[in-house]
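This report refers to the structure that appears directly beneath it.
All of the numbers you see were taken from the coordinates with simple rules; none came from a lab. Quick caveat: nothing in here was measured; it's all calculated off a predicted structure. In this analysis, Cβ positions are derived from the backbone assuming ideal geometry, glycine residues included, and neighbour counts consider all displayed protein chains.
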Amino acid sequence: MENTSGQGKQAVIPAELKGWNWGAFLMNWVWGVSNKTYIALLTFVPLIGMFMPFVLGFKGNAWAWRNKKWDSIEHFRRVQKKWAMWGVIMLIFSLVFLAGSIFFLFEALKNSEPYVMAIDKVQVNREVQNIIGAPIKPGWWMVGNVATEGTGGKAEFSIPVEGSKKKGTVSVRATKEINKWKLDQLYFLPEGGGAAVDLLKIPLKAPQPTQLSPGQTRQPPPEAPPIDTPPPDKEAMQSGKTTATPGAVAGKPVKDTVAEKKATPAAAPVVAATVPQPGKAAVTEKKPAVTESGPNQKKQQTASKPKKKYVKNPAPKRQSPYEKAMAKKQTPTNMGRAEITAGDYPGAIKTLSAAIAKNPQESINYRLRGNAYDNLGKREQAIADWKKAATLGDTVIQSYLIFLEVEWP
């Protein structure tokens, strides 16, 4: 077959050259300039440039044969094969470069101060741990950017996190002033929907009663012994003997006795006492005892003090956050927040609805009522309240709705 290459439209395309040209597809405009196919420069034209590599791959062999003089078909094939080889090399190099750029970009984000501050707060937050489980680990793929300029800067990005139960996303906004970063907004959103957690605020917690095992009852605090209880007679307990006047019986009043014989001068008073026996409870009572002696001696009498009765003080009753709020006569907003913290979502809705009826321009009441609806699974009513709060200028819920990609008027 006659070689008609380089004759333009008059050139006859050999049947062997019909097919796909990988060099033209991968190297596009560079291949076009080298093969005198200048239509490849349309690659730089917006929109059209997106389709030109495919057009060159499909029509490249025919255009190159018509526009340039070739020695033979074998010569043409040999050159186009080299273009395809260099195109594959450049493709591999580009992919490696792109992967390396993404890796170093993510590493730079992970080493930035806003990222470290955000992850530290997420990993120690008890509420987030209860939702997705501990330990909490950050994911690899991030979306956003960190930009610095002089001593200032801004950061806005999202971090995927994963716990032992489920996954979630952390939304971060931070600013840098005088070389110091500050977290402006930090929210956690669980996967599959649910209320957002503001990680920059410390949530209120209702006091939790001590858990008792089945069948166990709460015991009152032990009663302290009366401070006026007389100490036991140590000498009598050590000797194992009982000192008593004649006729004294343990547990009964001691009667007055008179010495049958001459009494010893300056006789000491005798006090009835009992010594605890093995296997029996010890009972000690101090009763009046009188000892009569000689005529020059006076009667001596020792009386025990009356026993005092002690009444057990009842244990103080624990109050829920709502009861504390009521006791302090707080505002309906604070009472609604306390009810949400205590888990009384219907009560919170009722309280906050009354507050909204009285002051419909207070955005915080709409936001809290939306949180209560969301905890009850009423997502549509929650979003309606959040939109109203955002319309009234609530910047916290505005950021949350932006994160959810929800528009408000």
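Taking the criterion of being surrounded by 11 or more Cβ atoms within 10 Å (Cβ to Cβ) and in a helix (DSSP H, G or I), the residues of the range 90-113 that qualify are M90, L91, S94, I102, F103, L105, F106, A108, L109, K110, E113.
Starting from residues that are within 23 Å of G192 (Cβ to Cβ) and of a type in the set (S, T, Y), keep the ones in the range 379-409 and report whichever is surrounded by the fewest Cβ atoms within 10 Å (Cβ to Cβ). Within the range 379-409, the match that is surrounded by the fewest Cβ atoms within 10 Å (Cβ to Cβ) is S399. Quick one: which of S72, S34, S5, S101 is closer than 30 Å to A155 by Cα and among the small types (G, A, S)? Exactly one of S72, S34, S5, S101 is closer than 30 Å to A155 by Cα and among the small types (G, A, S), namely S101.
Can you name the residue in the range 66-76 that is part of a helix (DSSP H, G or I) and touching a residue at least 12 places away in the same chain (Cβ under 8 Å) and is also surrounded by the fewest Cβ atoms within 10 Å (Cβ to Cβ) among such residues? Ranking the candidates gives I73 first.
Which residues, counting only those in the range 376-393, are charged (D, E, K, R) and free of Cβ contacts under 8 Å to residues at least 60 places away in the same chain? Answer for the range 376-393, where residues must be charged (D, E, K, R) and free of Cβ contacts under 8 Å to residues at least 60 places away in the same chain: K378, E380, D385, K387, K388.
Going by the conditions given, is T391 within 28 Å of D184 (Cβ to Cβ) and out of contact with any strand residue (DSSP E or B) (no Cβ under 9 Å at 6 or more places or on another chain)? Steps first, answer last, please.
Working: within 28 Å of D184 (Cβ to Cβ): yes; out of contact with any strand residue (DSSP E or B) (no Cβ under 9 Å at 6 or more places or on another chain): yes.
Answer is yes for this residue.
Scanning the range 114-149 for residues that are small (G, A, S) and surrounded by fewer than 18 Cβ atoms within 10 Å (Cβ to Cβ), which turns out nearest to I159 (Cα to Cα)? Full working, then the answer.
Filtering the range 114-149 for residues small (G, A, S) gives 118, 133-134, 139, 144, 147.
From the residues that got through so far, the ones that are surrounded by fewer than 18 Cβ atoms within 10 Å (Cβ to Cβ) too are 133-134, 139, 144, 147.
On the way: G133: 17, A134: 17, G139: 7, G144: 9, A147: 17 Å.
This residue is G139.
So, in the range 12-53, of the ones that are over 19 Å from K81 (Cβ atoms) and surrounded by 18 or more Cβ atoms within 10 Å (Cβ to Cβ), which residue ends up farthest from the chain's Cα centre (by Cα)? Going through the qualifying residues, I end up with W29. In the condition set (1) under 27 Å from the mean Cα position of the chain (by Cα); (2) farther than 21 Å from K201 by Cα; (3) assigned to a helix (DSSP H, G or I), V406 is compliant with all but (3).
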